[in-house]
Amino acid sequence: MTPKQQKAHDYFYGGYNCAQSVFAAFHEEMGLDEDTALRLMVSVGGGVGGLREICGAFTGAAMALNMIQKDIRQADPDYKKQMYALVQAKAEAFKAQYGTYICRELLERNDITPSPVPAVRDAAYYEVRPCGKYVEACARLVEAELEKA
């Protein structure tokens, strides 16, 4: 496991949601303090607010991919095209590995009935929940971009 995967893993198994875990693993590279990084991503865990849409770990990765850029140009259409293309490529890589990037589908593939309510984080949760491997994979997707710089 790479250092960033380990950091994301530790956040997740420490009780943080999937999006928080991936995003906060890169807080230093983004110039954010840990608390701010964790707070920013609370509402997008569980496929955004528990709606079970796009995987929260992937959402955290998409946000981190943007924030690790040194020259963010919010209104520049070329920058947006580049960022969208990068996120789409990472989404396809994730999908190629896991079959989907939709939270509810990822859970259902592991015989877990999706719920909009956050589950209690206890030993039983971590024993059956597949999300730890998605958190680690998404951290690696972001880390690969850092290595290119």
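The values are calculated or read from the model by the stated rules, or taken from the named source; none is laboratory data. Note that the coordinates shown come from a computational prediction; the quantities given were computed from them, not determined experimentally. So basically every Cβ, Gly included, is an ideal-geometry build from the backbone, and we count neighbours across all protein chains shown. SASA here: full protein model, heavy atoms, side chains in, ligands and nucleic acids out. Shrake-Rupley method; radii C 1.70, N 1.55, O 1.52, S 1.80 Å.
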Quarter of the surface of the C-alpha convex hull for the stretch 14-79, i.e. direction-averaged projected area in nm², equals 4.8
Longest principal axis of the chain (C-alpha) makes with the long axis of helix 3-13 (C-alpha) an angle, in degrees to the nearest 10, of 40
For Tyr16 the rounded accessible area (nearest 10 Å², probe 1.4 Å, non-protein molecules ignored) is 90
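Grab the alpha carbons of the chain, take their convex hull, and tell me the volume per residue in Å³.
Values: hull volume 16.2 nm³, N = 149.
So the per-residue Cα hull volume is 109 Å³.
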Treating only Lys and Arg (+1) and Asp and Glu (-1) as charged, each at its beta carbon, one finds that the stretch 4-135 has a dipole about its Cα centre, in Debye to the nearest 20, of 280
Non-local residues with an amide H under 5 Å from the amide H of Ile54, with H modelled 1.01 Å from N and Pro and chain starts lacking one, are Cys103
At R0 = 30 Å the Cβ-Cβ FRET efficiency linking Ser43 and Glu147, nearest 0.05, sits at 0.50
Simple SL model, points at 7 angstrom along Cα→Cβ for Lys80 and Ala124; separation in nm is 4.7
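For the chain, what does the accessible surface come to per residue with a 1.4 Å probe? Please give it in Å². Mind showing how you got there, number by number?
On the way: 7930 Å² over 149 residues.
It amounts to 53 Å² per residue over the chain.
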Calc'd 3J(HN,Hα), the stretch 136-149, phi into Karplus 6.51 cos²θ - 1.76 cosθ + 1.60 (θ = phi - 60°), Hz, glycine/Pro = x, comes to 5, 5, 5, 4, 5, 4, 6, 4, 4, 6, 4, 5, 6, 6
Excluding near-sequence neighbours (fewer than 8 apart on one chain), the chain holds lysine pairs with C-alpha atoms under 25 Å apart numbering 25
Per-residue accessible area, 1.4 Å probe, largest first, puts Ser43, Ser21, Ser115 in the order Ser43, Ser115, Ser21
Calc'd 3J(HN,Hα), the stretch 32-41, phi into Karplus 6.51 cos²θ - 1.76 cosθ + 1.60 (θ = phi - 60°), Hz, glycine/Pro = x, comes to 10, 6, 4, 4, 5, 4, 5, 5, 4, 9
Expressed as a whole-number percentage, the relative contact order of the stretch 44-149 with C-alpha contacts under 8 angstrom and at least six residues apart is 36
